[in-house]
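Taken together, the values in this text are just the output of simple stated rules run on the coordinates, not laboratory data. Owing to the predicted nature of the structure, the values given are computational and were not obtained by experimental measurement. Note that we place each Cβ from the backbone using ideal geometry, even for glycine, and neighbour counts take in every protein chain shown.
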Amino acid sequence: MAGSNEVNANECRMVVPLNTWVLISNFKLAYNMLRRPDGTFDRHLAEFLDRKVPANAAPVNGVVSFDILIDRTNNLLARIYRPAPPNPSPATTPLADLHRPPSPDPFPVIIFFHGGSFAHSSPNTAIYDSLCRRFVSLSGAVVISVDYRRSPEYRYPCAYDDGWAALKWASTEPWLHGGKDAKLRVFLCGDSSGGNIAHHVAVRAAESGIEVSGNILLNPMFGGNHRTESEKRLDGKYFVTIQDRDWYWKAYLPEGADRDHPACNPFGPNGVNLEELPFTKSLVIVAGLDLVQDWQLAYADGLKTAGKDVKLVYREQATIGFYLLPNTDHFYEVMEEIKNFVTSNL
Amino acid sequence: MKREHQETGAGGGGGYHVATAGDMTGAKGKMTAGPSMGTEDDDCGVDELLAALGYKVRSSEMADVAQKLEQLEVAMASTAAAASDDASVLPQIASDTVHYDPSDLATWLDSMLSELNAPPPPLPPPPPVAASVHHHHHRFDVSTASAVSEPPAITTVAPLRPSDAYDFKPVPAPAIASGGRVVYGLDPQSEMIVSPRDQKRKRTCSPSSSSSRGAEAGRARGSRTEGASSAKPAAAVPVVVVDTQETGIRLVHALMACAEAVQQENLKAADALVKHISVLAASQDGPMRKVAGYFAAAIARRIYRRRPLSQVDRALDSPALDDLLHGHFYESCPYLKFAHFTANQAILEAFSSCRRVHVIDFGMRQGLQWPALLQALALRPEGPPSLRLTGIGPPQSDHSDALQQVGWKLAMLAKSIGVDFRYRGFVASSLADLESRMLLERDGNEGDRDDEGEEEAVAVNSVMELHRLLARTGALEKVLRMVLAVRPRIVTVVEEEANHNGGTFLDRFTEALHYYSSMFDSLEGSGGQAAEAGEEEQQQHRAMAEAYLGRQICNVVACEGAERTERHETLGQWRGRMARAGFEPAHLGSNAFKQASMLLALYAGGDGFRVEETDGCLTLGWHTRPLIATSAWRVSAAATR
């Protein structure tokens, strides 16, 4: 355990707005209640506590959403967000219009993997619904938020399999192929565990010949056996502890695996060499008060070493979850970075 | 090291406790026009940014809530430390706490703090397994019959269908079948949706207890319109696309076009489209074909304005047939089981430690809800109360006394499990025909049951009955006044979660199309592992269930005025109606949620069913679409004299 709670609270409160602090602290405490020492997870309580929103085919701030069953056999759902069709009335978008391209010009398709350390949240969790809507507004994208199977009920590689299934699905949907060349301009995006999933799905894409226009990793979740300096220094200080990170890895990785498993540590001793693969370019966003930043920075380095294009955005005073509330410069500036990355890689 | 100095904008949740001298540069910090940076106002509303994410925290309470979070963390840490070294993991006991309304952070935190700071009370034993009760049904002792008030005829009646399998014991762990998957769908009247049509801003409030006002406000952010008012949200239209086939989409399109033609009274076009729909539907498969068929038939009926109440119609409208189809609907999918289960949970809780209880059921039908309640009452740690059940049902066309029959069966069950039970049936064409004194009035044989004049605790239960009253002006209000007059401890309401009663015909049609598409799709996926029926019987149940729903579709689409009784409304709408009538919500908690989820895993089979909590109510839906909602109500303090 790191430091006294009082000291931590004061430090932490000074770097985020109060309502952000309340939001993230609430998550932290609620999540503490859900993880059991034996590695099981109180899924029912988790779903009860989770704040969710429905999809909405009626435009809100110019965005509509609807849920879709990508794969009936294993109930793989996704929520799709898209710009509202230009026709202002009727208020409800007829179903057929939902499946038309948002524009005759090239448009991005962002496949989004929500965070939650592989165990928490869903596409219809309010914080992620909000974020996906934001992405649409930023870039005119069609966003596909994937309801991937979560741990500990479903371990590696289920989340990756589901992400891959979503990418393959997108590659077969005609309305997602935009522009005169009818091309799928797909970006893989995720925060926390979602960022990790985006990476691994991108590897599969590179191995399989599906072209990905770019990866966007927001505070991606990586780790390793070694305790890095940032982990030791920031343990327990800004909402996150080494112990909870360990718990989530243990719940996701195969039984008996350690954190140098390539899922957790892609550039570690068991990692896959990306040099020969046409792995896409990446935008990696790191919060300076996130205790796993050393792993995230190492990830960016790993990409560079393998000759892959990577832009690193380091927000020194940002904590985890800074992108959940539109109330800081971190939020707006990072959104701008994402927008630029997407539009310049169309 | 530059310290970024942030502040929330528009009506946001307050600045910092500690004002830090920050780097004030950055043109982006331009203060936008917006809320007045005026005086603090204790009366201001919720923090809009958090509200958008599902948390209701008043801006004036933000600091308070923050403090509670800190206290809770300390309490949790010391509780955990007592049990283990790992402060990030809480021992089981804290998670056995029953949680209510997690959106209301302040209240939730208070309840958590009192749970952790007080020594935990001994947990009530979980309701034990009801032994297979159906074995007990074979004796009926007339002389000691605590049965109906009429002189009993001696009959042997077949045991009632299983609710014995439907016990209240939480199933041990492995039932988390849908574990890692999503739980979706909820209240279409979510407060978070802001319609661009509703741009009027709430009175904004300045951030509270903020010592960082003034100069630091230069970095105000987030005062853009997305932080905008959470007032008056328009209803969401939750669409779940299960069929992305080209033909499926064209079929839906054709149906909508047809409805639009009907609305514009272009009957010729509508007629042509109905025919086109039939052709398209024939090439479809599965649920969509059936749904399209029912909707097309309903539109045709509307177009040709078939005279209502023909001979055939009358026969088809018999309550007996309706009950039959209803029974199959009960067997084929989990919606009614969920309704009964969640309502019974609320009733049980409301009746705890009461010795005399009275349940008034607004729609008795086959009495499928009550065996489970009887069993649960029988197994109460404090022993069963004496239970009075009043069942209301429509007049039967064939003069049979279905209402009494049900009462008999339940009396037998009650006898066999040792619950003192009395039953009374009331025949009424409409609930609005009833008077409270009728319901409260007792019959003769009271004598030895007088527990020193202990008052009777009353529960009023309505499963998919209230919406019918909306077909006649004033009927609902009358009934709700009557409910108030019986002074219930709890009122349980289950309704279809849809708005099939508002807007234009086209709106209603669209809503219904989405709703019944999900319904029919879920019927395909239904048929749990624990279903007793074989494959063929399941198919029969499903076919009848589809007919049951088909009649609803016909009513929603083809009928108007007093005939249109399937006037479903959403949870949000019912909340408004109940509040106006003098009721306040009684929240269903995490224990009910958990048990409903576990039960679902057993009985629903298909992985697509989802239980959701929304503002203290529970909904059951298919994938992300909630289809049925249970809410519980108390007489509000204001309404009580």
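Quick notes on this structure:
- Rounded FRET efficiency, nearest 0.05, which uses the C-beta distance separating A:Asp38 from B:Ser397 and R0 of 51 Å: 0.30
- In sequence order, the range B:53-67 has phi-based couplings of 9, x, 10, 9, 9, 5, 4, 5, 9, 4, 5, 4, 4, 4, 5 Hz under the Karplus curve 6.51 cos²θ - 1.76 cosθ + 1.60, θ = phi - 60°, and Gly or Pro positions carry x.
- Couplings 3J(HN,Hα) for the range B:622-632, derived from phi with the Karplus relation 6.51 cos²θ - 1.76 cosθ + 1.60 (θ = phi - 60°), are 10, 6, 8, 10, x, 10, 8, 10, 10, 10, 10 Hz, where x marks Gly and Pro.
- Counting Cβ atoms of other protein chains within 10 Å of each Cβ in B:52-59 and taking the mean gives 5.
- Net +/- balance of residues flanking B:Asp433 in space, Cβ distance below 12 Å, scoring K and R +1, D and E -1: +1
- Signed unit charges on C-beta, dipole axis of chain A, positive-most listed residue A:Thr328, A:Ser282, A:Ile144: A:Ile144
- Averaged over the residues of peptide B:618-631, the number of Cβ atoms from other protein chains lying within 10 Å of each residue's Cβ is 2.
- A crude spin-label estimate for the pair B:Ala485 and A:Arg100, with each label 7 Å from Cα along the Cβ direction, gives 5.7 nm.
- Charge sum, other residues only, whose C-beta stays under 14 Å from A:Pro269's C-beta, Lys/Arg counted +1 and Asp/Glu -1: -1
- Most positive-pole-ward Cα, B:Leu348, B:Gln375, B:Leu321, against dipole of the range B:266-386 from beta carbon charges: B:Leu321
- Here the relative contact order of the range B:501-641, from alpha carbon pairs under 8 Å that lie six or more residues apart, stands at 28 percent.
- Averaged over peptide B:67-73, the number of partner chain Cβ atoms lying within 10 Å of each residue's Cβ comes to 5.
- Descending by average beta-carbon neighbour count within 10 Å, the peptides A:320-329, B:382-391 line up as A:320-329, B:382-391, the highest first.
- Value of [θ]222 nm, deg cm²/dmol, for chain A, DSSP H segments ≥ 4, -39500 (n - 2.57) each, nearest 500: -11500 deg cm²/dmol
- Estimated FRET transfer efficiency when R0 is 60 angstrom, pair A:Thr305-B:Glu584 (beta carbons, to 0.05): 0.45
- Förster radius 25 Å - calculated FRET efficiency between B:Glu454 and B:Asp433, Cβ distance, rounded to 0.05: 0.25
- Neighbourhood net charge (14 Å Cβ-Cβ; Lys/Arg +1, Asp/Glu -1) for A:Asn345: +3
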